[in-house]
Structure formats: structure tokens, C-alpha cells
Protein chains: 2
Amino acid sequence: MAASPSFHMKIYSIAHLGPSGTYTEVAALTYADTLRAVNPDKHYELHPYPTIAQTLRAVANGQADFGVVPVENSIEGSVTVTLDTLWQLDHLQVQQAVVLPIAHALLSYSSTLDLIQTVYSHPQALAQCQIWLETYLPNAQVVAISSTGEAVQRLKETPDFAAIASQRAAKLYDAPVMAYPINDYADNCTRFWAVSQEPSSVGSHASLAFSFPANRPGSLAKALQIFAERNINLSRVESRPTKRSLGDYLFFIDIEANIFDESVQLAVRELETFTETLKILGSYSILNG
Amino acid sequence: MAASPSFHMKIYSIAHLGPSGTYTEVAALTYADTLRAVNPDKHYELHPYPTIAQTLRAVANGQADFGVVPVENSIEGSVTVTLDTLWQLDHLQVQQAVVLPIAHALLSYSSTLDLIQTVYSHPQALAQCQIWLETYLPNAQVVAISSTGEAVQRLKETPDFAAIASQRAAKLYDAPVMAYPINDYADNCTRFWAVSQEPSSVGSHASLAFSFPANRPGSLAKALQIFAERNINLSRVESRPTKRSLGDYLFFIDIEANIFDESVQLAVRELETFTETLKILGSYSILNG
């Protein structure tokens, strides 16, 4: 049994995409466990936020101590709002990556699939179940909303609605599971990042984001070359629009190396000589939940 | 006045994301005009499809002669379903890029913003108006559906609904415009691709997609280097998950060069020696609509 915190003890808050029942909440619970394991005398509390951007802003403005957000899914790719918001906000550092297997269920109060007219879920979850939806619910309207947790809350015992969410969400909201698993690819997992305003510590991985001054052809090739020459493996390269004009991008890279290694430090310093803005998003290890 | 086709004349069909009123329809109309300019004796007809994937599949299976789909927006980035579907389908070649400025309007039968409870639109349009929505409709539910045209059809004169779509869609469906423009960035444009089963002809730009065998660090740096060495400018590098496992990607690149140039041909041949799959998506010019 967990001891209740004494009244003068600080409670650390972990913001996450809510409401209760989202996959991000599971990642936040996993992260809280690792924090408790290291700091058994500290107390951590989860706080759901309605969007990913609000979750990250809560940490950036000091409203929350930590924030957990999805960053990438193995089937649907980047969660672009996470990348864009991290680029815009200052002072946030990735502390930990958490990878969770994702298995979706169809939740509904309907007795048969035929009655279902509308399916609600997060856009990533809907995209991960595209083939299943086209096969079994070809005539249902597919409606994207801000989280899988909110999708379950929409059911309200109406038989013509269904939600795509986790089996855990089904239990939490006492909603019937009609089909499971319904994701199109069995090997479906999502990587989450836990961020805070603290400087990151030593980790096996690091992430950077950078932009180049306009009209510098070959800059990305040059940037990647800096790491290749030093045998620093890049596990991911992602581009996002700078929102200045079509064809103008910024880049996110993940490296499989400790950012404090001398070779990595030298690579970063060389990169800085020709980037416009360079942000070190953090150094972290990967936890498989 | 256009002559009506005689009964034995073939009518070429152009599939596009529908229904009527979408931005993609405008791109398809623009593309049809360029086809008519070159082939004044041929007849072209637009055919709306409910999704991007269905539009591309209609061309791949011969149901339609051409297909027009959005590929990238200057604010929100890639339309990932377009990239993923082009990777999966064979025989499709990009014939033309069309770039359109995008200015969104809020359409509603409500007399005041306060009454609006739900805003419908395509996920890209919703993302492009995020700040406006947070500012003026902070309490409205934001619901993503398959197209801006469908969003307008949902209004059905109900005052608590609103749609984000073009002013053209407002006219087509005779729906009132409550606010315009509402996109967060004035410089908002979308690039569309027109595809067919015909081989592409000479163009100023070309697009390739490729994957690497698993566990070959540095492959992307090497690929980009091949083009950089030959002074072939890459205007875009995009990664997408292969859907095999987390951390396994395929890449889409756009080059600012004629694919039939000798230096480009040599670069492609060198690239082929270490890619797993390499697809030439097409060679095309860019039309600013």
C-alpha cells in the first residue's frame, strides 16, 4: 500500500494526453513507476490534459513538472503536433522514451456491427485500423477526435456509436468490447517521450532539431554526413514544414549515442556552424513497457 | 461554349477527392484545363471519390484515367495517406504538380459564434486553423472527417454546426460564410499531384521513393550524398514507416532536375545498388494555380 504524502511534501505532477483511458496515460503510469523506483520518497500524480499541445505547454509554463506525449507510431509515423510544439516551446528536455505495444479494440453498446453508424477515435488509432474498418464497417462514418479516452466517453450507451480504444479503456469506462484486436498490423507500437524543464542526464539516445538558412541546397546531406563520418547512427530523420513557405523544412533527428560523448559533441559543434537554429531536444534511454 | 462529345468519342475521367467543393476538385479542374489546352479535341470529366486511397486505387485499377490528390501543405506537411498509398500501388506515375493557395472560411447557419458546438473539416484544414479555433471557438468540438466538401454537406442548416472549407464550397452549397480567412498562416498553400498509368514525360522535377535493407546505418546519408556530389538539389526529404517495425523507414525525395538527364540517371543507378526497393514516382513540372 502506498503511503499517503504528508501535507508539506511536494507532489510532482505528470501531465499527459487525457482523459483517463488513453494509451498516453499508460505511458505516463509507466514513467511514474520509473521515477518512484529512483525516488521512493517522492510523490507523483498524473494530470490529464485535453490535447498534446496543452500537455507540453503545461510543462513549459511550470504548471506541471513532467509531461508525457506520443511522438511516433510504427504504422502511422510521427505525431506531428508533438514535433511542432516541441520546436516552438523552449526549456523542454526529453528525459525518457517509453515504447508501448498498441492493440486496439472496438467498443460499442450495439449488439451487432450492422447498427454502428459512427466510429470515434484519435486520428492515429483510426489510421491504424483502416483496413479493418473498410472490411467490417464499410458504411460507418469515421470521426477523428482528440483522444481514444474521449472516444469512449462519447459512447454514452448509444448503440449506433463505436469507439476505438484500448481494452484498459473498456474496463475503466465499463464499455463492451465487440472486437479485438482490430489493428491492421500486429506489430504496432508507439513511442512516447517524457519531458521536463530539468536538463537531461546521460542516455543511450538523443534527439536534435534544426533548420537551415533559406536556399542552401545540400544542407541536409551535409548534416547527415557529419554523423556518418563519425559512425554515429541516426535511427530517424523526420522533416516538418517551417510554416514559412512551401519547400522550407526543419529536421528532427534521433541519434543512437550519448550526447555527452566527445564525438557527438564535436558533430553537434560542426552542425551548429551551418544551421540557422539548432535545438537539443534531450538525451534519454528507451524503456519498453 | 464547349462542344458536346460525339457518342463514339472517349471521355477521359479524372478521379479526385470529393465531393464537389474540395480544394482537390479545384486542383483537378486546373489540371483538366492544362490537358484540354494540349489536347483540345479530347474530353475530360471529373469524378469525385470519398477518400484519397480510393482515388488512387481507381487509377491503378483502370477505373479512372487520371487521379488528383493532395501531397503536401506548407503548414501541416505531408499528406501521409497519399505517400503510403503511392508506395503500395504499382504503375502510377506523377504527371503534373499543381500548387494552390489555400484560404479557409468558417461556414455556418448560426447567427453567432457562441451557438456553434461542433466544427467539421478535413484534418489538414482543422490543423491549419488551430489558433483561430482556440481563440474564437475554444469550447466547440473539433471533428475531423474525410474532406472539406463533406464538412459543408454536414451543415444541413443546423445552427450548432460549422464547417471549415473554401469560399467556393460556400457558393456551391449556398452556405453562409461567417469568417474568412481563418487560416493561422497567410502563406498557406497545398501541392497536389496528378497521376496516371502513362509513363511521365520530361519535367523540371522528379520524385523517388526507396527503402533500405534492415540494419544499414548511414544509408540515407549515403543516398543524399549521391545527389549532393552531382549538384542535384533535393527540394524535399520525407520519411515514412515501412510498417514492419518501429525505427524502420522508407524515404520519399523530390529532386529539382529532369530525371532523363545523364547525371540524374547515373545517380539513380548508384542509388539502386544499395536500396532494397526503389520506385520512380514520376517526372513533372509544377503549375501554380
Q) With B:Asp184, B:Asp174 as the choices, which residue is more than 11 Å from every other protein chain (Cβ to nearest Cβ) and acidic (Asp, Glu)? A) B:Asp174
Q. Mind checking which residues of segment B:207-228 are assigned to a helix (DSSP H, G or I) and either among the β-branched types (Val, Ile, Thr) or touching a helix residue (DSSP H, G or I) at 6+ places or on another chain (Cβ under 8 Å) (or both)?
A. B:Leu220, B:Ala221, B:Lys222, B:Ala223, B:Leu224, B:Gln225, B:Ile226, B:Phe227, B:Ala228
Q. Within segment B:72-84, can you find the residues that are within 11 Å of chain A (Cβ to nearest Cβ) and open to solvent by less than 10 Å² (accessible area, probe 1.4 Å)?
A. B:Glu72, B:Asn73, B:Ser74, B:Ile75, B:Gly77, B:Leu83
Q) So which of B:Phe252, B:Phe260 is more than 9 Å from chain A (Cβ to nearest Cβ) and either at pLDDT below 95 or touching a Cys at 6+ places or on another chain (Cβ under 9 Å) (or both)? A) B:Phe260
Q. For segment A:86-99, what are the residues that are open to solvent by 10 Å² or more (accessible area, probe 1.4 Å), within 14 Å of chain B (Cβ to nearest Cβ) and in contact (Cβ under 8 Å) with a residue 12 or more places away in the chain?
A. A:Trp87, A:Val99
**Q.** Filter result (out of contact with any strand residue (DSSP E or B) (no Cβ under 6 Å at 6 or more places or on another chain) and either within 14 Å of chain A (Cβ to nearest Cβ) or open to solvent by 30 Å² or more (accessible area, probe 1.4 Å) (or both)) within segment B:52-67
**A.** B:Ala53, B:Gln54, B:Arg57, B:Asn61, B:Gly62, B:Gln63
(Q) Considering only residues that are in contact with a Leu (Cβ under 9 Å, 6 or more places away or on another chain) and either within 13 Å of A:Tyr109 (Cα to Cα) or assigned to a loop (DSSP other than H, G, I, E, B) (or both), which ones fall in segment A:189-198? (A) A:Gln197
(Q) Out of the helices (runs of 4 or more DSSP H) lying entirely within segment A:1-98, which hold 3 or more residues that are more than 14 Å from the chain's Cα centre (by Cα)? (A) A:23-38, A:52-60
Q: Go through (1) open to solvent by 40 Å² or more (accessible area, probe 1.4 Å); (2) within 14 Å of chain B (Cβ to nearest Cβ); (3) of a type outside the set (Phe, Trp, Tyr); (4) out of contact with any Cys (no Cβ under 6 Å at 6 or more places or on another chain) and name the single condition A:Ser207 misses.
A: (1)
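Conditions tested, residue by residue: (1) touching a residue at least 40 places away in the same chain (Cβ under 8 Å); (2) among the aromatic types (Phe, Trp, Tyr).
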residue: A:Tyr180; (1), (2): yes, yes
residue: A:Phe192; (1), (2): yes, yes
residue: A:Ser201; (1), (2): yes, no
residue: A:Leu220; (1), (2): no, no
residue: A:Phe227; (1), (2): yes, yes
residue: A:Ile232; (1), (2): no, no
residue: A:Arg236; (1), (2): yes, no
residue: A:Asp248; (1), (2): no, no
residue: A:Phe252; (1), (2): yes, yes
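The values are calculated or read from the model by the stated rules, or taken from the named source; none is laboratory data. Bear in mind the structure is a predicted one, so any value in this text is a computation, not a measurement. Ideal geometry is used to build each Cβ from the backbone, glycine not excepted, and the neighbour counts take in all protein chains shown. To get the accessible areas, we keep the full protein, side chains included, count just its heavy atoms, and leave off ligands, DNA and RNA. Shrake-Rupley method; radii C 1.70, N 1.55, O 1.52, S 1.80 Å.
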